[in-house]
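What follows is a set of notes on a single structure, which appears directly below.
The values are calculated or read from the model by the stated rules, or taken from the named source; none is laboratory data. Only a predicted model underlies this, so the values are computations on that prediction, with no experimental measurement involved. Ligands, DNA and RNA are excluded from the accessible area calculation, which covers all protein heavy atoms including side chains. Shrake-Rupley method; radii C 1.70, N 1.55, O 1.52, S 1.80 Å.
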Amino acid sequence: MSNSQSPPHEQQPALFCSIGSPTTYISKQDLRETVEKFLESLGARDDVLLLPPDFTRFHSQAGTITRFISEYYNFTEREEDPGDASTRATSASSPSIQIIPALGTHAPMKNEQIELMFGSNLANKKT
């Protein structure tokens, strides 16, 4: 085996999910299930670093995805979303999690923006 090839057990998919079109709607339940399926495929983690964008990219759903990851890894309690009937999947591991919003040249996020983007449980964890 050459150095450019990894053993099959170490290979991760280059693309895990490809959902969307100009008319596709992805519900929070669908988004949560997709995120959890991906995290399950990764297996146990010791450390997790999340670099979501700041509030200027609110509509990207990166805050919601960040919240779902923190809930999956038991970093925060799960917040219930209206209409979310998905089963509760959580990791057996509780890794160390660091979340660093990528502000770039933007102003720091206000508390209201942090809560709106990431949810109240995650907003209350900020230091």
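Points worth noting:
- Three-way shape label, the range 14-70, alpha-carbon gyration tensor, a/c 1.5: oblate
- Accessible area of E33 in the full protein assembly, 1.4 Å probe (Å², nearest 10): 80 Å²
- Estimated at the nearest 10 Å², the accessible area of D47 is 110 Å² with a 1.4 Å probe.
- Computed lengthening from Q61 to S41, 0.36 nm per intervening residue step minus Cα-Cα distance: 5.1 nm
- Across K125, K110, the residue with the most accessible area heads the list, and the full order at a 1.4 Å probe is K110, K125.
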